[in-house]
Ligand code: NAP
């Protein structure tokens with residue numbers, strides 16, 4: 001029987017054998033990658049005696065056409081009520097009131113972690129010599145920083161008032177005709193993000209958590225993020241984790257927590273990828289880092305993402321690429337990003353075996369050089385298949 005996912009008062013997700021899971025098909029190539037991915041999800045769930053009661057909800061162009069609203073309240077309510085959902089890519093309406101549907105969903109449901117695991121799958125074409133050394137999991141803060149949307153446009157009365165306030169109250173001289181943005185970084189936001197990264201690393205026996213920040217320059221925002229991270233380790237995790245400065249780099253049997261500056265990190269993830277494992281970082285750094293890292297392991301068609309609130313259990317899992325409108329409806333693009341986002345969703349549901357099965361089958365398919373156009377053009381001797389055929393090939397190998 002189809003049932004809702006619930007949460008106990010102690011904060012443990014209760015997932016029935018047939019959970020109701022809302023999905024947004026997505027715009028553009030969403031019509032291709034969603035049905036392909038669903039085929040894989042249903043087959044993997046069935047193999048373990050489970051079933052998903054899919055519930056379609058609308059957002060993006062499809063929602064706008066049918067309801068006049070880009071993100072109907074009903075959709076947000078469905079994600080709120082059912083806790084866990086999945087979505088294809090959405091067109092970001094240019095102009096108009098809504099900045100980004102993705103950002104709106106994250107803020108409304110307070111999905112404070114953007115989870116982006118980055119690992120290489122055997123056979124995936126990569127621009128680096130040793131993509132197999134990349135195995136990192138990025139926890140990007142999802143609700144604060146310059147993404148909070150606190151900006152005023154140059155030349156507006158709001159910008160003039162803010163400049164006047166900053167000059168009069170703080171003695172800050174802002175150049176005339178400047179746009180101004182605010183970068184809030186809070187103790188609560190930083191600690192809950194780092195806590196999620198620590199819990200993940202401890203549960204999976206990972207070797208380190210690196211706090212990536214720009215605290216050498218932005219001391220009271222990025223620097224504070226770093227300090228709050230270390231403070232949390234000392235306050236709540238002293239028996240199982242230790243900060244670099246508190247152990248001289250030798251953690252004994254504990255989880256090592258270290259930090260690096262964001263700019264040098266972008267070099268080192270390329271030159272010394274083996275030094276990085278779980279990464280916890282602020283919103284803007286995390287945005288750059290996730291895409292830079294995704295490129296090392298085969299790029300955009302295959303990078304998964306999840307937006308999660310570990311306290312309420314809410315999670316929205318999504319393809320990280322856009323709608324690729326020029327390929328829409330051609331049954332051509334790679335559904336890998338959405339499929340692997342579903343793997344993250346299965347892991348969040350506690351369906352670890354089904355998740356691992358999908359990963360193994362996807363790896364076997366690529367290992368057999370059965371791939372979509374994006375990989376086929378970079379591989380020798382590949383068999384190029386359609387989006388739906390790639391999904392069927394995965395199901396055959398489940
Ligand atoms: P995009 O849709 O990600 O497409 C850029 C290029 O990436 C494509 O031309 C294609 O490269 C490659 N690509 C994308 N998806 C692929 C897939 N599934 N398989 C293989 N290759 C894939 O970026 P965009 O053209 O800048 O954005 C289009 C729209 O998407 C915009 O409205 C944007 O706002 C929106 N968007 C949404 C999300 C989201 O919902 N999460 C994220 C980003 C952008 P080739 O041409 O080289 O084959």
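The values are calculated or read from the model by the stated rules, or taken from the named source; none is laboratory data. It should be emphasised that the depicted structure is a prediction, and the values quoted were computed from it without experimental measurement. Positions of Cβ are generated from backbone atoms using ideal geometry, with glycine treated the same way; all protein chains shown enter the neighbour counts.
What single numbered condition from (1) at pLDDT 95 or above; (2) away from the ligand (no atom under 16 Å from the Cβ) fails to hold for residue 30?
Going through (1) at pLDDT 95 or above; (2) away from the ligand (no atom under 16 Å from the Cβ) one by one, residue 30 breaks only (2).
Based on this model, can you work out whether residue 356 counts as touching a strand residue (DSSP E or B) at 6+ places or on another chain (Cβ under 9 Å), part of a helix (DSSP H, G or I) and free of Cβ contacts under 8 Å to residues at least 60 places away in the same chain?
When the stated conditions are applied, residue 356 does not pass them.
Considering only residues that are within 16 Å of the ligand (Cβ to nearest atom) and either under 23 Å from the mean Cα position of the chain (by Cα) or at pLDDT below 95 (or both), which ones fall in region 353-365?
Scanning region 353-365 gives a single hit, 362.
Any residue that is more than 20 Å from residue 323 (Cβ to Cβ), surrounded by 15 or more Cβ atoms within 10 Å (Cβ to Cβ), within 13 Å of the ligand (Cβ to nearest atom) and modelled with pLDDT under 95 - is there at least one of those in region 88-108?
no
All but one of (1) more than 29 Å from residue 314 (Cα to Cα); (2) surrounded by 21 or more Cβ atoms within 10 Å (Cβ to Cβ); (3) free of Cβ contacts under 8 Å to residues at least 40 places away in the same chain hold for residue 372; which doesn't?
Looking at each condition in turn, residue 372 falls short on (3).
Can you tell me which of 367, 306, 322, 329 is touching a residue at least 60 places away in the same chain (Cβ under 8 Å) and surrounded by 23 or more Cβ atoms within 10 Å (Cβ to Cβ)?
306
Condition check ((1) closer than 14 Å to residue 285 by Cβ; (2) surrounded by fewer than 18 Cβ atoms within 10 Å (Cβ to Cβ); (3) touching a strand residue (DSSP E or B) at 6+ places or on another chain (Cβ under 8 Å)) across all residues:
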{"position": "218", "(1), (2), (3)": "yes, yes, no"}
{"position": "253", "(1), (2), (3)": "no, yes, no"}
{"position": "257", "(1), (2), (3)": "no, no, yes"}
{"position": "261", "(1), (2), (3)": "yes, yes, yes"}
{"position": "265", "(1), (2), (3)": "yes, no, yes"}
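Could you list, in sequence order, all residues of region 375-388 that are modelled with pLDDT of 95 or more, within 16 Å of the ligand (Cβ to nearest atom), surrounded by fewer than 19 Cβ atoms within 10 Å (Cβ to Cβ) and more than 22 Å from residue 52 (Cα to Cα)?
Hits for region 375-388 are 384, 386.
Spot the failing condition for residue 153; the list is (1) under 30 Å from residue 61 (Cβ atoms); (2) crowded, with 17+ Cβ neighbours inside 10 Å; (3) at pLDDT 90 or above, and only one is missed.
Single failed check for residue 153: (2).
Could you list, in sequence order, all residues of region 341-353 that are under 21 Å from residue 310 (Cβ atoms) and part of a helix (DSSP H, G or I)?
341, 342, 343, 344, 345, 346, 347, 348, 349, 352
Quick check, is residue 331 modelled with pLDDT of 95 or more and over 30 Å from residue 60 (Cα atoms)?
No, not satisfied.
Yes/no per residue for (1) loosely packed, with under 12 Cβ neighbours inside 10 Å; (2) more than 30 Å from residue 254 (Cβ to Cβ); (3) within 35 Å of the chain's Cα centre (by Cα):
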site	(1), (2), (3)
169	yes, yes, no
183	no, yes, yes
191	no, no, yes
204	yes, no, yes
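Just checking, does region 345-352 include any residue being within 10 Å of the ligand (Cβ to nearest atom) and closer than 24 Å to residue 80 by Cα?
No: zero hits.
Take region 301-340 and flag every residue that is in a helix (DSSP H, G or I), near the ligand (Cβ under 10 Å from one of its atoms) and touching a helix residue (DSSP H, G or I) at 6+ places or on another chain (Cβ under 9 Å).
327, 336, 337, 338
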